[in-house]
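Working notes, beginning with the structure itself.
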Amino acid sequence: MNSIVKDNLVSIVGEDFVITNISQKTSYLYDEIEHIMRPKADENSIVVKPKDTDEISKIMKYANKIKMPVVVRGGGTGLCGGCIPTKESIILSTERLKKIVEIDEDNMVAVLEAGVTLFELLEELDKHEGVGFPVHPGDEGAQMGGMAATNAGGARAVKHGVMRKHIQGMEVVLPSGEIMELGGKLIKNNAGYNLMQLIIGSEGTLAIVTKIILKIYPKDKYSATIIAPFKHFNDASNAVMEILKSGVTPLAVEYQDKHLFVETAKMLGTEWQAKQGNADLMIIISEKTEDLLYATCKQINDICQKNNSYETLFAGKKSEQDELLLIRSQHYEYIKDIIGHSFDTAVPVASIPAYLNELKELAKEYNTFTNITAHIADGNIHSDIVLVDGKMPPYAEELKDKIFKTCFKYNGTITGEHGVGKLRIDDLKLQKSEVELNLMKSIKKVFDPNNILNPGTVLDM
Ligand SMILES: Cc1cc2nc3c(=O)[nH]c(=O)nc-3n(C[C@H](O)[C@H](O)[C@H](O)COP(=O)(O)OP(=O)(O)OC[C@H]3O[C@@H](n4cnc5c(N)ncnc54)[C@H](O)[C@@H]3O)c2cc1C
């Protein structure tokens with residue numbers, strides 16, 4: 001990296017907060033994408049760690065003047081290479097934007113700087129009796145800015161929806177360096193186009209999120225987890241649809257192939273207790289009172305039994321529930337190094353059984369198998385292409401195309417929650433019309449005429 005750039009950045013944030021000579025091993029270069037799918041980062045990039053919005057604004061004014069790419073890095077927990085600097089870039093890390101500005105219990109909002117992690121938010125809310133925040137995308141190292149930029153979802157979306165539902169206001173810095181306030185503590189706000197919703201989910205390509213106003217909620221006091229094992233996936237899926245129609249809304253309904261539960265439990269030094277069947281549902285229920293919890297559990301249990309589940313397992317103690325959830329959330333660690341493509345497709349809920357059966361048949365066509373794990377009540381399915389001898393198999397691209405075509409047949413999407421990042425730019429073209437893609441490109445040009453903010457992400461410009 002040019003030493004003039006370094007000197008200018010040092011003049012804005014100070015010597016201690018600029019890092020040069022970063023190698024491929026530096027954690028600032030990669031995110032949690034599968035190793036084999038990683039786009040190569042440019043080691044000539046430079047890391048800068050501003051302390052506040054003003055410094056970010058100065059960095060952007062400078063970068064825009066010299067037309068230098070800027071890649072914003074939050075917690076680096078993304079799964080599609082969004083924060084990987086594939087061109088020589090300024091890596092702008094938000095790790096020092098840590099202020100929990102306010103927990104406003106009257107308006108039920110939290111005002112947070114972008115670098116506050118999900119873990120830190122939950123820890124802070126624990127100090128406020130009965131208040132919580134529901135969105136939980138698997139990794140608590142994710143930052144508020146990153147969760148907003150990726151419109152994070154996760155297991156609890158079935159009850160609480162995804163990130164964009166919970167953001168009421170934002171402060172952002174534009175590629176020009178201008179600072180903009182959007183939304184606020186308002187519940188209703190119809191003044192003009194909703195630029196805030198456009199920026200949510202834009203994966204750091206339109207603006208840098210520096211602060212968010214986030215809705216917080218009264219916390220459910222009582223929770224339980226049910227494991228319902230089924231012989232056939234179709235029965236499990238029918239049970240899910242019946243639960244959704246019944247009027248009860250679980251906190252999460254997760255599906256995972258049996259072998260993933262069994263092997264992940266083994267990896268964690270424990271045992272998966274549901275021995276029967278091939279298809280297990282993990283249903284988490286949370287309610288305000290014990291009576292309600294009991295009634296909901298009973299209703300869900302009855303529906304599972306009616307749909308041919310084996311005997312269900314019930315966990316009421318927090319420690320037992322935590323252990324089950326850990327097994328569910330650590331499956332990625334178990335498969336991460338043995339898979340190539342990891343898919344995050346989503347289809348309408350009613351199409352899940354047919355779609356999933358076709359995914360399994362497609363894998364068989366190539367004498368392979370796929371690991372399925374799903375936020376099933378949202379129609380969001382994670383499947384993969386398994387490596388052969390540690391390498392991407394020769395049929396991978398062909399199989400990938402078939403998987404996406406099958407997904408489109410059911411009116412699905414290539415990504416339900418992980419985003420496009422640097423990984424799925426070409427795949428997005430399979431899903432979107434030219435009219436829509438051109439409109440997105442025009443929007444990008446209005447926000448970022450010099451294409452400096454996270455170039456090569458979402459769209460190729
Ligand atoms: C084990 C595991 C499980 C996961 N499960 C889920 C899941 O169930 N659901 C789900 O939705 N996600 C899941 N994820 C993905 C991940 O946690 C989310 O994408 C997360 O929201 C990204 O936040 P981050 O701070 O780590 O962002 P990063 O990874 O640092 O960045 C992600 C993108 O956001 C941009 N960005 C980051 N901060 C800002 C900012 N302040 N302003 C503008 N742009 C910014 C980056 O440039 C990049 O394009 C999982 C990840 C892991 C590792």
Worksheet item: Percent antiparallel among DSSP beta bridges with both residues in the chain, to the nearest 5?
Response: 85 percent
Worksheet item: For the range 249-254, what does the Karplus curve 6.51 cos²θ - 1.76 cosθ + 1.60, with θ = phi - 60°, yield as ³J(HN,Hα) per residue in whole Hz, taken in order and with x for Gly and Pro?
Response: 10, x, 5, 8, 10, 10
Response to the item:
Measuring from the longest principal axis of the C-alpha atoms of the chain, the long axis of helix 318-329 (C-alpha) lies at a number of degrees, nearest 10, equal to 70 degrees
Discussion item. If you take every DSSP beta bridge fully contained in the range 14-151, what fraction is antiparallel? Give it as a percent rounded to 5.
Written reply: 50 percent
Practice prompt. Could you sort 240-251, 416-427 so that the peptide with the highest average Cβ count within 10 Å comes first and the rest follow in order?
Written response: 416-427, 240-251
Response to the item:
Helix 233-245 sits off the longest principal axis of the Cα atoms of the chain, rounded to the nearest 10 on a 0 to 90 degree scale, by 80 degrees
Item to complete: For the range 3-93, compute the number of Lys pairs whose alpha carbons are separated by less than 21 Å, excluding pairs fewer than 8 positions apart on the same chain.
Response: 22
Discussion item. Taking the 0 to 90 degree range and rounding to the nearest ten, how far is the long axis of helix 3-13 tilted relative to the main principal axis of the chain, both from C-alpha atoms?
Written reply: 70 degrees
Discussion item. Net charge within 9 Å of residue 212 by Cβ-Cβ distance, Lys/Arg positive one each and Asp/Glu negative one each, not counting residue 212 itself?
Written reply: -1
Item to complete: Classify the range 331-409 as rounded, prolate or oblate, taking a ≥ b ≥ c as the square roots of the eigenvalues of its Cα gyration tensor: rounded when a/c is under 1.5, otherwise prolate if a/b is larger than b/c and oblate if not.
Response: oblate
Worksheet item: If only Cα atoms are counted, what is the Rg of the range 119-215, and what is its Dmax, in Å?
Response: 13.6, 42
Fill in: Charge tally in the Cβ shell below 9 Å around residue 309, where Lys, Arg are +1 and Asp, Glu are -1, residue 309 excluded
0
Response to the item:
Exposure-ranked with fewest Cβ neighbours within 10 Å first, 37, 60, 461 stand as 461, 37, 60
Practice prompt. Add +1 for every Lys or Arg and -1 for every Asp or Glu among the other residues with Cβ under 11 Å from the Cβ of residue 122, and state the total.
Written response: -3
Worksheet item: Which FRET efficiency value, to the nearest 0.05, is calculated for residue 350 and residue 314 with the Förster distance at 30 angstrom and r the Cβ-Cβ distance?
Response: 0.60
Practice prompt. Let me know the shape class of the range 222-332, please: from the alpha-carbon gyration tensor, a ≥ b ≥ c as square roots of the eigenvalues, rounded when a/c is under 1.5, otherwise prolate if a/b is greater than b/c, or oblate.
Written response: oblate
Response to the item:
One finds, for residue 44 and residue 198 with R0 = 41 angstrom and r their Cβ-Cβ distance, a FRET efficiency to the nearest 0.05 of 0.80
Worksheet entry | Helix-only mean residue ellipticity at 222 nm for the chain, each DSSP H run of n ≥ 4 adding -39500 (n - 2.57), per residue, nearest 500 | -10000 deg cm²/dmol
Discussion item. Past the 33 angstrom mark, what percentage of all C-alpha to C-alpha distances in the chain do you count?
Written reply: 38 percent
Worksheet, complete the sentence: Taking 122-129, 173-180 and ranking on average Cβ neighbours within 10 Å, highest first, one gets 173-180, 122-129
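Since every read-out is calculated from the coordinates, none of them should be taken as a lab result. Everything numeric in this text was worked out from a predicted model, so none of it was measured. With ideal geometry, Cβ positions are generated from the backbone for all residues, glycine too; neighbour counts draw on all protein chains shown.
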